[in-house]
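Written below as structure tokens is the structure these notes are about.
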Amino acid sequence: MEKITLHAEKREKVGKGVARALRRQNTIPAVIYREGGSLPIKFSKQELSQFFQKTAGEQVMVNLEFADGTSKLALLKECQVDPVKGELLHADFFEVSLTEEVSVTVHLIVIGEPIGVKRDGGIFQHLLREIEIECLPDKIPGHIEVDVSNLEIGQAFYVRDLRLEKDIKVLNEPSVVVANVVAPVVEEVAPAEVIAPEITEPEVIKKGKKEEAEEEKKEERKEERKEGKKEVRKEEKK
């Protein structure tokens with residue numbers, strides 16, 4: 001495991017006001033924890049920022065050297081960053097011993113392109129991005145690589161598939177999925193809406209009604225002519 005040396009100073013005063021004052025002086029407040037106790041310390045902002053840039057989230061051993069000549073081995077526990085400015089605000093470390101096992105979180109780095117994606121157009125899903133392990137401090141890997149090149153559609157890479165040194169114990173459940181390849185989602189096309197044709201009255205029916213009316217008028221005119229002839233005959237007889 002890589003080891004990086006940082007120069008630290010012990011500090012007596014604590015509190016939010018003290019922390020703000022330190023940051024104005026380009027100094028980052030921090031704390032180192034050990035067996036239930038804690039020691040307030042501080043770092044040069046430039047040196048600590050370079051440390052974070054160099055490690056980029058990888059787990060590394062830190063050798064903290066103090067002005068009085070003492071030193072402590074430690075691992076980074078967590079750090080606080082300003083969400084707006086992105087500037088480092090605070091850091092927490094925990095002291096370790098090379099003879100005592102520790103539990104730490106390590107990042108999982110995916111390598112390779114799954115055959116199920118490259119050949120078959122599947123969708124790759126990276127579901128677990130870090131695991132918790134237990135081992136001696138000098139056995140802690142900076143990160144763990146996960147080769148997913150052989151994954152086909154419907155296949156998954158599980159925690160139990162990780163290949164680590166025998167001295168490293170994985171604390172996650174073996175059945176947890178690290179990554180998988182699933183079939184692409186096919187959107188169903190909705191059937192086109194069928195519009196029923198508008199039913200109109202046949203032209204022949206309309207014509208039939210018109211002809212019926214004309215027939216009625218003809219009958220009326222016939223009756224009128226008959227009545228007229230009867231009247232003429234009556235007059236002739238007189």
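The values are calculated or read from the model by the stated rules, or taken from the named source; none is laboratory data. Since the model is a prediction, treat every value here as computed from it, not as a measurement. As a convention, Cβ positions derive from the backbone with ideal geometry for all residues, glycine included, and neighbour counts pool all protein chains shown.
For this structure, a couple of remarks:
- Region 122-168 - residue that is over 22 Å from the mean Cα position of the chain (by Cα), closer than 24 Å to A56 by Cα and of a type in the set (D, E, K, R) and, of those, surrounded by the most Cβ atoms within 10 Å (Cβ to Cβ): K139
- Close contacts from region 148-174, counting a first residue that is closer than 18 Å to V110 by Cα and a second that is surrounded by fewer than 12 Cβ atoms within 10 Å (Cβ to Cβ) and among the polar types (S, T, N, Q), with Cβ to Cβ under 8 Å and a gap of 6+ residues or different chains, come to Y158/S175; V159/S175; R160/S175.
- Identity of the residue in region 38-53, polar (S, T, N, Q) and under 34 Å from the mean Cα position of the chain (by Cα), that ends up surrounded by the most Cβ atoms within 10 Å (Cβ to Cβ): S49
- Any pair with Cβ under 6 angstrom, 6 or more apart, that starts in region 65-91 at a residue that is at negative phi and ends at one that is β-branched (V, I, T) and not in a strand (DSSP E or B): L73/V96; L75/V96
- Matching residues, region 165-204, being modelled with pLDDT under 95 and either under 30 Å from E134 (Cα atoms) or among the basic types (K, R) (or both): E165, K166, D167
- Enumerated strands (runs of 3 or more DSSP E) restricted to region 1-58, each holding at least 2 residues that are basic (K, R), within 26 Å of V104 (Cβ to Cβ) and in contact with a Leu (Cβ under 9 Å, 6 or more places away or on another chain): 3-10
- Check on V181, surrounded by fewer than 18 Cβ atoms within 10 Å (Cβ to Cβ), among the aliphatic types (A, V, I, L, M) and touching a helix residue (DSSP H, G or I) at 6+ places or on another chain (Cβ under 6 Å): no
- Members of region 25-59 that are among the hydrophobic types (A, V, I, L, M, F, W, C) and at pLDDT below 90: F52, A56
- If only residues of region 59-88 that are charged (D, E, K, R) and part of a strand (DSSP E or B) are counted, the one that is nearest to T5 (Cα to Cα) is E65.
- Sole exception among (1) surrounded by 14 or more Cβ atoms within 10 Å (Cβ to Cβ); (2) at positive phi; (3) not basic (K, R) for V60, by number: (2)
- Test: residue in region 87-101 that is out of contact with any strand residue (DSSP E or B) (no Cβ under 6 Å at 6 or more places or on another chain), over 15 Å from G57 (Cα atoms) and surrounded by 14 or more Cβ atoms within 10 Å (Cβ to Cβ): no
- Region 1-24, residues that are over 17 Å from F66 (Cβ atoms), over 35 Å from the mean Cα position of the chain (by Cα) and surrounded by fewer than 11 Cβ atoms within 10 Å (Cβ to Cβ): G15, G17, R24
- Members of region 89-112 found to be in a loop (DSSP other than H, G, I, E, B) and of a type outside the set (A, V, I, L, M), listed by number: S97, T99, E100, E101, G112
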